[in-house]
Amino acid sequence: MVGKNNTVVHTPIAQDHKRRFDGDKGPNTGGMGAYSPVAQISFAIIEKVIKSIVEPVLKVMQDKGNPFTGVLYTGLMLTKSGPKVIEFNVRFGDPEAQVVLPQLKGDFYQMIIDLMDGRKPLIEWQKKEIYLAVVIAAPGYPDNVDKGFSVPLLDDLPSDLQIDYAAVKKDGHNLISSGGRVATIVGHAKKIQLAQKDVYSYLDRSNLQLAYRHDIANQLAKFERDNQ
């Protein structure tokens, strides 16, 4: 997030899962889930991205008389030869935002106001837990999107989970799906395997007609197991 005078706030990084099916198979989507922070990506790599990619982009825009103010979402792929840019978006990524923004300890509104006024916000990001988001989608997404499936209500969720709605509409006292990616279930825990257990236990017992991937954040789970 970039404010006046190139005042910058970097958020924790997140990993998205673009492919529709488990094992990163199937068609590309807008994102089937995400997690954050990404423990297997070192601080040195993050610093390299900031210094060699993000800051030069902002400097060139400043030098050309078009300073950037707003959210600059940097989508990257880590390759054998280093990080490579996939895309820049001038908005928060989805579902990455659902696992990044809850980590802010403080007032999001005040942070934005400080950035807009050119002040460096006094902010803190949590460092004790992993946040996991699993997208629930229409069964035929992204090719054939059927609608009208029952969607979980916020009151139906365990207290430690959150649901962020996307393509839904009211049907009396209920919610039904009205598009492709319908909602995102978000959980958090000290270990990713615990967060996975919470989210997937809820989804599996809910008997939803909607679809979701069963392997979101498995990369981090393997990293945790290998480094116990």
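The values are calculated or read from the model by the stated rules, or taken from the named source; none is laboratory data. Computed from a prediction, not measured in an experiment: that's the story for all the values here. Reconstructed Cβ throughout: ideal geometry from the backbone, glycine too, with neighbour counts over all protein chains shown.
To keep it simple, each residue is scored yes or no on (1) at pLDDT below 95; (2) within 27 Å of residue 181 (Cβ to Cβ); (3) out of contact with any helix residue (DSSP H, G or I) (no Cβ under 8 Å at 6 or more places or on another chain).
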position: 79; (1), (2), (3): yes, no, yes
position: 88; (1), (2), (3): yes, yes, no
position: 91; (1), (2), (3): yes, yes, yes
position: 96; (1), (2), (3): no, yes, yes
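So which residues in region 72-109 are of a type in the set (Val, Ile, Thr) and surrounded by fewer than 17 Cβ atoms within 10 Å (Cβ to Cβ), if there are any at all? Answer for region 72-109, where residues must be of a type in the set (Val, Ile, Thr) and surrounded by fewer than 17 Cβ atoms within 10 Å (Cβ to Cβ): 79, 85, 86, 90. Please verify whether region 110-118 includes one or more residues that are touching a helix residue (DSSP H, G or I) at 6+ places or on another chain (Cβ under 6 Å) and either loosely packed, with under 13 Cβ neighbours inside 10 Å or within 13 Å of residue 187 (Cα to Cα) (or both). Yes: one or more hits.
Of all residues in region 114-137, none satisfies being free of Cβ contacts under 8 Å to residues at least 12 places away in the same chain and of a type outside the set (D, E, K, R). Please tell me if residue 160 is among the acidic types (Asp, Glu) and within 23 Å of residue 20 (Cβ to Cβ). In short, no.
When 70, 82 are checked against the criterion of being under 20 Å from residue 14 (Cα atoms), touching a residue at least 60 places away in the same chain (Cβ under 8 Å) and not aromatic (Phe, Trp, Tyr), 70 stands alone in meeting it. Just so you know, in region 13-54 the residues that are charged (D, E, K, R) and more than 21 Å from residue 125 (Cα to Cα) include one that is surrounded by the fewest Cβ atoms within 10 Å (Cβ to Cβ), and it is 25.
Of the residues in region 184-213, how many are closer than 18 Å to residue 94 by Cα and surrounded by fewer than 20 Cβ atoms within 10 Å (Cβ to Cβ)? So the answer is 1. Exactly one residue out of 54, 60, 8, 38 is closer than 24 Å to residue 128 by Cα, without any contact (Cβ under 8 Å) to a residue 60 or more places away in the chain, out of contact with any Phe, Trp or Tyr (no Cβ under 6 Å at 6 or more places or on another chain) and not aromatic (Phe, Trp, Tyr), and it is 8.
Among the residues of region 19-44, those identified as on the phi > 0 side of the Ramachandran plot and in a strand (DSSP E or B) are 26, 33.
Contact annotation: residue pairs with Cβ atoms under 9 Å, 6 or more positions apart or on different chains, pairing a residue in region 86-97 that is under 23 Å from residue 185 (Cα atoms) with a partner that is surrounded by fewer than 19 Cβ atoms within 10 Å (Cβ to Cβ) and of a type in the set (Lys, Arg), are 97/91.
If you check 172, 148 for being more than 21 Å from residue 97 (Cα to Cα), touching a residue at least 12 places away in the same chain (Cβ under 8 Å), over 22 Å from the mean Cα position of the chain (by Cα) and surrounded by fewer than 14 Cβ atoms within 10 Å (Cβ to Cβ), only one passes: 148.
Where strands (runs of 3 or more DSSP E) sit wholly within region 51-158, those with at least 3 residues that are touching a Pro at 6+ places or on another chain (Cβ under 7 Å) occupy 130-137.
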